[in-house]
Amino acid sequence: MIRKHSTTLHGHRTSFTLEDAFWSELTAIAAARAIPLAALISEIDDNRDADSNLSSALRLHVLAWVKAAGHRDGQADAARPENEDTANVPTG
């Protein structure tokens, strides 16, 4: 389910919408980094492209975190289908 959330960034109230799964992962990221959720959201907001919206930036941050964790744990290769043709995949 998509839910609307509100926060204060640099003294201004703002809102964003996230699916529950993204919200759950976002809170887990903050906990893993031992920082307040508000600080994580502010950090993501500060580093996002000017032409992107906060909701998208939060989702992309979660995606990058999960992908990086998968690579660290070796899960990315394990999740690849055995019959996938990798001969035409660029390596660099």
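The values are calculated or read from the model by the stated rules, or taken from the named source; none is laboratory data. Remember, it's a predicted structure, so these values are computed and weren't measured experimentally. Cβ sites come from the backbone with ideal geometry, for glycine too, and all protein chains shown count toward neighbours.
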Give the number of residues within the range 37-92 that are surrounded by fewer than 10 Cβ atoms within 10 Å (Cβ to Cβ), at pLDDT 80 or above and touching a helix residue (DSSP H, G or I) at 6+ places or on another chain (Cβ under 9 Å).
2
Are any of the residues in the range 8-21 in contact with a Leu (Cβ under 6 Å, 6 or more places away or on another chain) and in a helix (DSSP H, G or I)?
no
Look at residue 26 and say whether it is surrounded by 12 or more Cβ atoms within 10 Å (Cβ to Cβ), in a strand (DSSP E or B) and at pLDDT 95 or above.
no
Does residue 44 satisfy the condition of being of a type outside the set (D, E, K, R), within 11 Å of the chain's Cα centre (by Cα) and outside any strand (DSSP E or B)?
yes
Anything in the range 36-63 that is within 19 Å of residue 24 (Cβ to Cβ) and acidic (Asp, Glu)? List them, or say none.
43
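Whether any residue in the range 38-54 is in contact with a strand residue (DSSP E or B) (Cβ under 7 Å, 6 or more places away or on another chain) and charged (D, E, K, R) is what I want to check.
Step one: of the range 38-54, the residues in contact with a strand residue (DSSP E or B) (Cβ under 7 Å, 6 or more places away or on another chain) are 38, 41-42, 45, 54.
Subsequent filtering for residues that are charged (D, E, K, R) retains 45.
Yes, the range 38-54 has at least one match.
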